[in-house]
Amino acid sequence: MEDVPTPHGPDSPTAATAATAPPATAGQAGTGASGAGAPGLKAGAPGLKAVDKETTAGIIFGFGAYGLWGLLPLYFFALMPAGAVEIVANRVVWSLVFCAVLITVTRSWRALAAAFRDRSVFWTLTLAAALIAVNWLTYTYSVTTGQAVEASLGYFINPLVSVLLGVFILKERLRLLQWAAVGIGFIAVGVLAVSYGKVPWIALTLAVSFGLYGFVKKRVGPKADAVTSLSVETMVLAPLAAATMVFLGLTGTATLTTQGAGHFWLLLASGVLTAVPLLFFGASARRLPLTTIGLLQYVAPVLQFIVALTVFQEAMTTVRWIGFGVVWLALLVLTVDMLRAARKNSLAKRQAG
């Protein structure tokens, strides 16, 4: 999926990152909005109203982004009999077309050119493109082959993988509850391996690829905005994607033009369905603290899980329910730690101010 972090979109914050980001307090935001030296509650009231309005909009945009990512399996299901490779190839090509339109409308061609000129940005985004391609292919394959439950598992355990990346790559020191969450997560993977009769490689591939994708994208930082990043990534992947579409067409296995007008336009819509949740996420991230975004990220795998059970009618054995229950326990522990850390940081900033 996209970042999805996110799950399905770039620049998705990890639970580990969210744990260190304190939420903005109403008092702080209100002070900034009302101006220095403004007396009393009357001066602060407009600022508070502005904060409330921005927060509400951020939550709506956040639910929109993660909701669309969570319901993406329904879209892939509607695209059948197209296979995972064809869906991803079309997704890349039509995303590039949509990004070109966005960049033209927003007059961001200079920013895109700057990203290509900066070698560190370009090669970092090239690596990100490879990781997201693996993620998209794996996720699409899982949905189109009746393994959407395992795909949702991948995004449930993604925050745990992000914590481990912080330990092994960034050499971060974990708090006690974070270690507990990771330990519980390992137990869950063991239980699920027994239930599946094999290592849940789809879930692990999704979690690791998206975790690494988020880490790589953070290396770019503010040097490239969301649309520019997605544009560079799709430009890198587009030649291979276009060649794949041509190959599928020549071998008679492409469905783009053989399943009717509805199927044709659904495949073309993949560009919009890739970019719109990303734009929603960007709008949400600008308005909400990372702690809130970290909690909203669970919306997507919950919806994926519900769709897999109710629409696709995928089987859940007792052992699998136990395994998922252990995963959810690990996430609960991680969430409690995240909220505690955010509250502590917020109090520290208030006292320092």
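The values are calculated or read from the model by the stated rules, or taken from the named source; none is laboratory data. None of these values were measured; they are calculated from a predicted model. Here the Cβ is made from the backbone with ideal geometry for all residues, glycine too, and neighbour counts use every protein chain on show. For the accessible areas, the whole protein counts, side chains as well, though only heavy atoms, and no ligand, DNA or RNA atoms are used. Shrake-Rupley method; radii C 1.70, N 1.55, O 1.52, S 1.80 Å.
Suppose the filter is touching a residue at least 40 places away in the same chain (Cβ under 8 Å) and more than 16 Å from the chain's Cα centre (by Cα); does T258 pass it?
So T258 does not fit the description; no.
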* With a cut-off of at least 3 residues that are out of contact with any Pro (no Cβ under 7 Å at 6 or more places or on another chain), under 24 Å from V319 (Cβ atoms) and not hydrophobic (A, V, I, L, M, F, W, C), name the helices (runs of 4 or more DSSP H) lying wholly within region 140-231. => 176-196
* Quick check: is even one residue across region 308-326 open to solvent by less than 40 Å² (accessible area, probe 1.4 Å), under 29 Å from A226 (Cα atoms) and modelled with pLDDT under 95? -> no
* **R173 being modelled with pLDDT of 90 or more and of a type in the set (K, R)** => no
* Within region 76-108, which residues are charged (D, E, K, R) and touching a Ser or Thr at 6+ places or on another chain (Cβ under 8 Å)? -> E86, R91
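Can you tell me which of G282, G294 is open to solvent by less than 10 Å² (accessible area, probe 1.4 Å), touching a residue at least 12 places away in the same chain (Cβ under 8 Å) and touching a helix residue (DSSP H, G or I) at 6+ places or on another chain (Cβ under 8 Å)? Steps first, please.
Values: G282 fails: open to solvent by less than 10 Å² (accessible area, probe 1.4 Å).
When all the criteria are applied, what remains is G294.
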* Structure fact -> The lone condition G323 fails out of (1) in contact (Cβ under 8 Å) with a residue 24 or more places away in the chain; (2) under 30 Å from T56 (Cβ atoms) is (2)
* Residue list for region 235-277, filter: open to solvent by 60 Å² or more (accessible area, probe 1.4 Å) and either among the basic types (K, R) or closer than 15 Å to A133 by Cα (or both) -> M235, P239, L240
* Asked: How about region 288-318: which of its residues are assigned to a helix (DSSP H, G or I) and under 16 Å from E150 (Cβ atoms)?
  -> A300, P301, V302, L303, Q304, F305, I306, V307, A308, L309
* Taking T335, is it farther than 30 Å from K198 by Cα, polar (S, T, N, Q) and touching a residue at least 60 places away in the same chain (Cβ under 8 Å)? -> no
